[in-house]
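First up is the structure itself, then whatever we jot down about it.
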Protein chains: 2
Amino acid sequence: MITLASIRAARKRIAGAVHRTPTFCSASLGAPLGLTLEFKAELFQKTGSFKVRGVLNKLRQLPREDIDRGFITLSAGNHGAALAWAAAGVGSRATVVMPAHAVTSKVEAVKAYGGEPVLTTGPLLEEARRIQTARNLTMVHPFDDLDIIAGHGTAGLEILEDSPDVDVVIVPIGGGGLISGIAAAIKLKKPNVQVIGVEPVTADVMTRSLASGKPERMDQPRSVADGLAAPFAGEHTLAHVQKFVDRVVLVDDEAILKALRAIFERAKLAAEPAGAAALAALMSGAIVLPKGTRVVCVVSGGNLSPATLKQLF
Amino acid sequence: MITLASIRAARKRIAGAVHRTPTFCSASLGAPLGLTLEFKAELFQKTGSFKVRGVLNKLRQLPREDIDRGFITLSAGNHGAALAWAAAGVGSRATVVMPAHAVTSKVEAVKAYGGEPVLTTGPLLEEARRIQTARNLTMVHPFDDLDIIAGHGTAGLEILEDSPDVDVVIVPIGGGGLISGIAAAIKLKKPNVQVIGVEPVTADVMTRSLASGKPERMDQPRSVADGLAAPFAGEHTLAHVQKFVDRVVLVDDEAILKALRAIFERAKLAAEPAGAAALAALMSGAIVLPKGTRVVCVVSGGNLSPATLKQLF
């Protein structure tokens, strides 16, 4: 498990290279819910999502020979873009195995940062392992890695600094890396703050894993929140969610799109669907909180496909 | 003319009731232009645009009997929404004369804040004056008022605080209230900073006024940047632009939409077209600056119509 010390060390390691993202209060969205509502704006992070936090914490601890071999990973897009960007920063390169149905703009982003996208209709991890072996590359897992998780935990420290009176933090779940880091940071500093996870009802691998007690897999999960459609949970992420997360709730695509529209129109944030999942859980009633509760919703990214944007309005 | 003292007094008067908006650096948009590029994010201001700065500075200096009579104004939408919001805050109400082709969501916003929109196909100012007289209302001009201009100037003070090394500030122009305030604040504090205005080529009333030396009128100007299509310049705003603004350039709708798309995709800001005009001037070559210039573009608002959003992608 990660510790407060490992998150603080991550923060020092990545400081200056990633953004200290702001938190926005939205009175117009909070008032109808009876809540004080804030958004942790990770869409303004480098490469447009929180992913660079973990990736940079990982890369900055690797020996030079691992860096020089080049990297391989699997990703719906945001982790791949973050790895491609960070790899370019250390003079290396990333190969990114992505689902064939990945958002086109995310495939383009991987390329734009100098990475090599490999699209597949098969299981992502198996394809990534195959290429890793064939080309002798260094694997940087998208979420099931303690250095990645500790890096993502730095967002949790910032939430507590910007919103010291927060009661509840709501975090979207794909493979569980972001919530593992944030929940650890928050529970280890302020155990009374609730941390709630949100998954798409059609990509509920963490909910299934919590039920069975072991990391479950799904065959090609799909959601309008492409970034949350992870095909499996991790051993590390499941352990962190079991230990640090109060509960995980489900939202459907319709609720996610409705919340995304609200984030555009009221909060003026050009978020991606995954970034609207936390608000969707509040607006749909999947999470009901007492009046006056102070809530931070993590807006995890802003890499929206034009097609989804057209669907919105 | 407004003074640094009147802008500072405005700042004290409205502090706490409006947001201190953030400034964002965008490396990915600045690099291809060879610039250090920052956005002053007034889209995150209360009611979704800078307009509340001036309106609140005005209302907080009015005698109670003027407030109690109720307000009248003319607006493409953002000033009307700001006035409706501020009026509700002091227990009064605003009537807002708007063009018949106004963005529907802006008409709805005026209503949502408790205002009464009045749509007209005729000249806005004449219709507003007619209703003012008939109902004995208090006029709050959308831009040609020294208290409004001083209130908008508070954004200029914030720009200098957040970007003390700025070389050039680019501001969109409708009737000229925003640029009058910002340019005064900047030139009175740091005369070496350039202030450049941007107008739509199809709504260039300030450019015409600068050429003729008196406030000009246009018959129903139109632009995708609805907030910049003011039908006339003001006496006060022309005087401030003459004194404090280095130059005014023109951009067409295509350039505005291209810049708006870039602001969505790269800066993750859900801006409205008016808010993209400053970047449009840089991307289109209407403004060419030496490599390394430090530029702040003012993103004036975020009240985007769904129709425009659909046009974007």
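Rule-based calculations on the coordinates, nothing more; no lab input. These numbers come from a predicted model, not from an experiment. In this analysis, Cβ positions are derived from the backbone assuming ideal geometry, glycine residues included, and neighbour counts consider all displayed protein chains.
Observations on the structure shown:
- GNM result for chain A, Cα springs below 10 Å: residue of A:Ala277, A:Ala184, A:Ala239 fluctuating most strongly: A:Ala239
- Calculated label separations, B:Thr3, copies of the chain, 7 Å along the beta-carbon direction, nm: 6.2
- Taking the Cα centre of the range B:52-139 as reference, the dipole from Cβ charges on Lys and Arg (+1) and Asp and Glu (-1) amounts to some 160 debye.
- Label point distance in nm, A:Arg129-B:Glu235, each placed 7 Å from Cα along Cα→Cβ: 8.0
- Our coupling estimate for the range A:3-14, obtained by passing each phi through the Karplus curve with A = 6.51, B = -1.76, C = 1.60 and θ = phi - 60°, is 10, 4, 5, 6, 5, 5, 5, 4, 4, 5, 5, 9 Hz, Gly and Pro reported as x.
- Under the convention that each Lys and Arg Cβ holds +1 and each Asp and Glu Cβ holds -1, the size of the dipole of chain A around its Cα centre is about 640 debye.
- Take A:Arg222, move 7 Å from Cα toward the beta carbon, and the resulting point lies 4.0 nm from the same point in each other copy, nearest first.
- Computed about the Cα centre, the dipole magnitude for the range A:43-98 is approximately 160 debye when only Lys and Arg (+1) and Asp and Glu (-1) carry charge, each at its Cβ.
- Rounded to 0.05, the FRET efficiency of the B:Val288 and B:His19 pair, given R0 = 45 Å and the Cβ-Cβ distance, is 0.85.
- Beta bridges by DSSP in chain B, antiparallel share as percent, to the nearest 5: 15
- The phi torsions of the range A:88-95, fed into the Karplus equation with coefficients 6.51, -1.76 and 1.60 and a -60° offset, translate into couplings of 4, x, 10, x, 10, 8, 10, 9 Hz, rounded to whole numbers, with Gly and Pro shown as x.
- Along the range B:173-185 the Karplus relation, 6.51 cos²θ - 1.76 cosθ + 1.60 evaluated at θ = phi - 60°, assigns HN-Hα couplings of 10, x, x, x, x, 5, 5, 4, x, 5, 5, 4, 4 Hz to successive residues, with x for each Gly and Pro.
- Most positive-pole-ward Cα, A:Val198, A:Ala17, A:Ile256, against dipole of chain A from beta carbon charges: A:Ala17
- Chain B residue with Cβ closest to the axis mapping B onto A, distance in whole Å: B:Ala270, 2
- Cross-link table A:Lys268/B:Lys106; B:Lys46/B:Lys106; B:Lys258/B:Lys291; A:Lys187/A:Lys291; A:Lys106/A:Lys310; A:Lys40/A:Lys214, entries beyond 25 Å C-alpha to C-alpha: A:Lys40/A:Lys214
- 5 angstrom amide H check on A:Phe71, placed H, neighbours 5+ away: A:Arg93, A:Ala94, A:Thr95, A:Thr138
- Candidates A:Ser223, A:Ser163, A:Ser212: whichever shows maximal mean-square fluctuation once chain A is modelled as a Gaussian network with Cα springs under 10 Å: A:Ser212
- Cα gyration tensor shape of the range B:52-139, rounded if a/c is under 1.5, else prolate or oblate by comparing a/b with b/c: oblate
- Residue (of A:Gln61, A:Pro117, A:Ala102) at the positive-pole extreme of the range A:52-139, dipole from beta-carbon charges: A:Gln61
- Chain A, helix-only ellipticity at 222 nm - DSSP H runs n ≥ 4, -39,500 (n - 2.57), divided by all residues, nearest 500: -14000 deg cm²/dmol
- The other copies place their B:Asp66 label points at 6.8 nm from this one, listed shortest first, where each point is 7 Å from Cα along Cα→Cβ.
- Modelled spin labels at B:Asp68 and B:Ala27, positioned 7 Å past Cα toward Cβ, are 5.9 nm from each other.
- For B:Thr120, the residues 5 or more places off, or on other chains, whose built amide H falls under 5 Å of its own are B:Met98, B:Ala100.
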